[in-house]
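Reading through the structure tokens given below for one structure.
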């Protein structure tokens, strides 16, 4: 073990007794599930099934949603294979509870401390562990290899800062990254950086380009279509603090247009819904909120709804089907990196994005090259794009068609990744 890894293990071991108190503090902030804290300490709440087990991990909502097509492909190809999916956030756990195939187990990822990771591995004994994007937890990874498990890093994406950071500890980087049995990076730049750090290069895979259209409740969709009639919907999807304020500022100049548009705010974290409604009301908008059971009042009503806060999980499939255009959040303010635009593309919804999309850089570059997304800056350009969606939607409709064609062309990649992962399992059967 390198000096850096030995030091990391010593420090995480020394801090491990503080973990319960830290996790309890996170519970009070809504960041942890109080009933499942044991899982975060490596004490699983489910029994291990018999036979080979494949463990797949994605950090939060974006990564876990991107992994779903791979989970479904593995489940269909090897129904007898036990599948464990872990994630690290409450929101991702709630979404996975709705969308994982029957029989697939979800657990929270344990903290990367020596005793917690050892308890987790001793219980689950995975034959294959698959990590998505940039999830590199040294105690877990080195423990897996001591157990003799195969490991894969797929859809790998490390920022320039992360690659430089690992480069300052080359022996540790070689021990962690050089031990993967399969490495598939999102793009050539990431692959080259990983190879410099001692990893292998097994080709490209970007799970963010793969996936089925988001589902929508047909009854709710029909009810909303009836309520809206010809009224256009402008959607701000997966928004973060700082973005809602800008969108509302822009919408103030559009709400009284003859089309009487409805603005839908769908926050990335639904817990913000009540605060968003209060923010919109304070600015003079007539609002309704989904989690409060409130419905959209139609334009002919005495007090029609102007801003609707869609603060329920798993509802974006509904609103992408209804929206004249969607601003994909996480992109108007720095430090987040954007969110998945292909969820909108698969449902023919025109895509608008802000300038800050580092986490989805390659996807947006490909979309923009195909003419399938429009980048906006601050208020004036956002206002112009939304106004165009109201008065002359033809170009945005053509843009949406190009985006959908791009998204549809990525579907075959998951089968190749599935077969390469299955070949790492004990039987090697595909």
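Laboratory data are not the source of any read-out in this text; all were calculated from the coordinates shown. These figures come from a predicted structure and were not determined experimentally. We place every Cβ from the backbone using ideal geometry, glycine too, and count neighbours over all the protein chains shown.
List of remarks:
- Computed over segment 279-336, Cα set: Rg, Dmax in Å: 13.3, 41
- Normalised by the number of residues in the chain, the average gap of Cα pairs under 8 Å and 6 or more apart makes the relative contact order 13 percent.
- Taking other C-beta atoms within 10 angstrom as a stand-in for reagent exposure, 105, 328 fall in the order 105, 328, fewest first.
- Residue order, fewest to most beta carbons within 10 Å, for 391, 305: 391, 305
- Between residue 356 and residue 187, the modelled labels are 1.9 nm apart [label points 7 Å from Cα along Cα→Cβ].
- Folded to 0 to 90 degrees: helix 90-99 orientation relative to the chain principal axis, Cα: 80 degrees
- Subtracting the Cα-Cα distance of residue 204 and residue 303 from 0.36 nm times their residue separation leaves 30.4 nm of extension gain.
- Cα centroid separation - segment 169-200 against segment 1-75, whole Å: 22 Å
- The radius of gyration of the Cα set in the chain, together with its Dmax, comes out at 22.7, 71 angstrom.
- Debye-sum result for segment 16-91 in log10 I(q)/I(0), which assumes one identical scatterer on each alpha carbon, at q = 0.13, 0.20 Å⁻¹: -0.50, -0.96
- Cα pair distances in segment 179-283, grouped into 10 Å bins until the bin that holds the longest one, percent each: 11, 26, 23, 17, 16, 6, 0
- Pair residue 402, residue 274: separation of 7 Å Cα→Cβ label points (nm): 4.5 nm
- Proxy reagent accessibility, fewest Cβ within 10 Å first, across 1, 184: 1, 184
- Angle between the chain longest axis and helix 3-15 axis [Cα atoms, degrees, rounded to 10]: 70 degrees
- Hydrodynamic radius by Kirkwood, which averages 1/r over all alpha carbon pairs of segment 64-147, in angstrom: 13.6 Å
- Residue 6-residue 18 pseudo-label distance in nm [points 7 Å out on the Cα-to-Cβ vector]: 2.4 nm
- With Cα atoms, 0 to 90° folded angle of helix 61-77 axis to the chain main axis: 60 degrees
- Relative to the current alpha-carbon distance between residue 47 and residue 98, full extension at 0.36 nm per residue lengthens the span by 16.3 nm.
- Rel. contact order, % - alpha carbon contacts under 8 angstrom, at least six apart, segment 218-408: 21 percent
- Taking 4 °C and 1.567 mPa s as conditions, segment 218-408 diffuses translationally at an estimated 79 µm²/s according to Stokes-Einstein applied to its Kirkwood radius (Cα pairs).
- Cα centroid of segment 262-331 to Cα centroid of segment 102-145, whole Å: 38 Å
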